[in-house]
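Right, one structure below, let's go through it.
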Amino acid sequence: MKFDLNKPHDSIFQAILSDGLRSQAVLRAHLEPWQAELLTDELPVPLDRSFVDEELRSSQSDKLFEVRLRDGQPGFVYALLEHKSYPDPGTALQVLKYKVRILEMYAQGRAGRLRALPTVIPLVFYHGAQPWTAPGSLAEMVATKDERLRALEPSFGYYLRDLREIPVDRLASDPGARAGLVALRHSHAGGEEEKLRLLPEVVAGPPDHSDFEKQLLLYLMGVWRIPKSTLGKVAEQAKPGRGEDMVAQGFQEIMDLGVAKGEAKGLARALRRLLERRFGPLPLAVRTRIAGASASDLDVGFAAALDAESLSAVFPDLGLD
């Protein structure tokens, strides 16, 4: 998986959960103890699909895992990373929508499955600077004070995991998973002194020569903004004979990614202007797609926009008709 400088939190969250042992360590650390006891020892199976609303993909990242319960039934654990710097009061409603989509994906309209839906356990990971104050369930969002009406509303809650409030040693048993979660934990908050104290463990955590090692290093450079000289010394201590070269290569890649980001920003602005001139005000789905596109995708879109007769011809997968 390639690290995306435009979406660093999404990139590192997906990288943490891309390995079976790391994802198992994360889920077992953050499920309720009684929930973890219900699961077999089989590794969770990741499903390559996102359920997040298109307009929220700049501030949310998700991963769905299929798990096996000890009673033989299938189940799902849904991990959602909320990476705005403040709590979103609509999270419970969003989680409910995603949960319904997961169940619809599973059932596929088949009567047998609709009569025996699996459990979906939603975990919401948060690493913002402000304390989490959003409602923890849909029931908490209902305004009426009439207890008879409130009784009609199921809870539809989620399990919040505020990474800032969880001790480092309880984030995950796997060193690589723990290192990644520590990196997220201090992305919005935490002083320089605390980051420098944790840096050796974070750098040492991922397996040597792994893609995750490189991705985590790029995250530290792009988000923690540790000075090159400091990071080089710590990396050399953690990875003797490799650390300084790793950092030098990483900083070069960050510079290359920065150049690409600048190119993409200019292309995005030019594509928006061209489309607005030809087709008028752009719908949210189009603006969101352009904002998250790579330079190469924007180049393709720009070429298509020159001769297209409609927006749907430029973005045929958005269902604009």
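The values are calculated or read from the model by the stated rules, or taken from the named source; none is laboratory data. None of these values were measured; they are calculated from a predicted model. As a convention, Cβ positions derive from the backbone with ideal geometry for all residues, glycine included, and neighbour counts pool all protein chains shown. Quick note on the areas: whole protein, heavy atoms, side chains included, nothing else; ligands and nucleic acids left out. Shrake-Rupley method; radii C 1.70, N 1.55, O 1.52, S 1.80 Å.
Of note:
- The single condition among (1) open to solvent by 10 Å² or more (accessible area, probe 1.4 Å); (2) assigned to a loop (DSSP other than H, G, I, E, B); (3) at pLDDT below 95 that Gly128 does not satisfy is (1).
- Sole exception among (1) of a type outside the set (S, T, N, Q); (2) open to solvent by 80 Å² or more (accessible area, probe 1.4 Å); (3) at pLDDT 95 or above for Leu17, by number: (2)
- Selection from the range 94-119 of residues that are in contact with a strand residue (DSSP E or B) (Cβ under 9 Å, 6 or more places away or on another chain), within 20 Å of Leu69 (Cβ to Cβ) and open to solvent by 10 Å² or more (accessible area, probe 1.4 Å): Lys99, Leu103, Met105, Tyr106, Pro118, Thr119
- The residues in the range 167-208 that are farther than 21 Å from Met246 by Cα, free of Cβ contacts under 8 Å to residues at least 60 places away in the same chain and open to solvent by less than 20 Å² (accessible area, probe 1.4 Å) can be counted, and the count is 1.
- Any hit, the range 222-235, residues being in contact (Cβ under 8 Å) with a residue 60 or more places away in the chain, assigned to a helix (DSSP H, G or I) and either crowded, with 21+ Cβ neighbours inside 10 Å or not basic (Lys, Arg) (or both): yes
- Evaluating Asp10 against the criteria (1) out of contact with any helix residue (DSSP H, G or I) (no Cβ under 8 Å at 6 or more places or on another chain); (2) buried (at least 17 other Cβ atoms within 10 Å of the Cβ); (3) not in a helix (DSSP H, G or I) leaves one unmet condition, (3).
- For Ser50, the test of being in contact with a strand residue (DSSP E or B) (Cβ under 8 Å, 6 or more places away or on another chain), of a type in the set (Ser, Thr, Tyr) and within 26 Å of Leu93 (Cβ to Cβ) is passed.
- Checking Ser155 against (1) out of contact with any helix residue (DSSP H, G or I) (no Cβ under 6 Å at 6 or more places or on another chain); (2) assigned to a loop (DSSP other than H, G, I, E, B); (3) modelled with pLDDT under 90, the condition it does not meet: (1)
- Pairs are defined by a Cβ separation below 8 Å, a sequence spacing of at least 6 or placement on different chains, a first member in the range 82-93 that is farther than 16 Å from Leu123 by Cβ, and a second member that is open to solvent by less than 20 Å² (accessible area, probe 1.4 Å) and part of a loop (DSSP other than H, G, I, E, B); the pairs so defined are Lys84/Ser59; Lys84/Gly128; Ser85/Gly128; Tyr86/Gly128; Pro89/Ala134; Gly90/Ala134.
- Residue satisfying all of: in the range 311-321; farther than 16 Å from Arg272 by Cβ and not acidic (Asp, Glu); modelled with the lowest pLDDT among these: Gly319
- Consider the range 236-245 and keep the residues that are in contact (Cβ under 8 Å) with a residue 12 or more places away in the chain and out of contact with any helix residue (DSSP H, G or I) (no Cβ under 6 Å at 6 or more places or on another chain). The one that is surrounded by the most Cβ atoms within 10 Å (Cβ to Cβ) is Lys239.
- Answer residue from the range 281-310, given it is of a type outside the set (Gly, Ala, Ser) and over 23 Å from Asn6 (Cβ atoms) and is least open to solvent (accessible area, probe 1.4 Å) among those: Leu306
- Residue selected from the range 76-92 under the condition surrounded by fewer than 23 Cβ atoms within 10 Å (Cβ to Cβ) and touching a His at 6+ places or on another chain (Cβ under 7 Å), by the criterion modelled with the lowest pLDDT: Ser85
- Lone unmet requirement of (1) open to solvent by less than 50 Å² (accessible area, probe 1.4 Å); (2) in contact with a Lys or Arg (Cβ under 8 Å, 6 or more places away or on another chain) for Arg164: (1)
- Only a single criterion out of (1) assigned to a loop (DSSP other than H, G, I, E, B); (2) open to solvent by 60 Å² or more (accessible area, probe 1.4 Å); (3) within 30 Å of Glu194 (Cα to Cα) is not satisfied by Ala134, namely (2).
- The set of residues in the range 94-115 being touching a residue at least 40 places away in the same chain (Cβ under 8 Å) and of a type in the set (A, V, I, L, M, F, W, C) consists of Val95, Leu96, Ile102, Met105.
- Among the residues of the range 22-57, those that are part of a helix (DSSP H, G or I) and small (Gly, Ala, Ser) comprise Ser23, Ala25, Ala29, Ala36.
- A search for C-beta distances below 7 Å between a residue of the range 247-260 that is within 15 Å of Gln215 (Cα to Cα) and of a type in the set (D, E, K, R) and any residue that is open to solvent by 50 Å² or more (accessible area, probe 1.4 Å) and modelled with pLDDT under 75, counting only pairs 6+ apart in sequence or on different chains, returns nothing.
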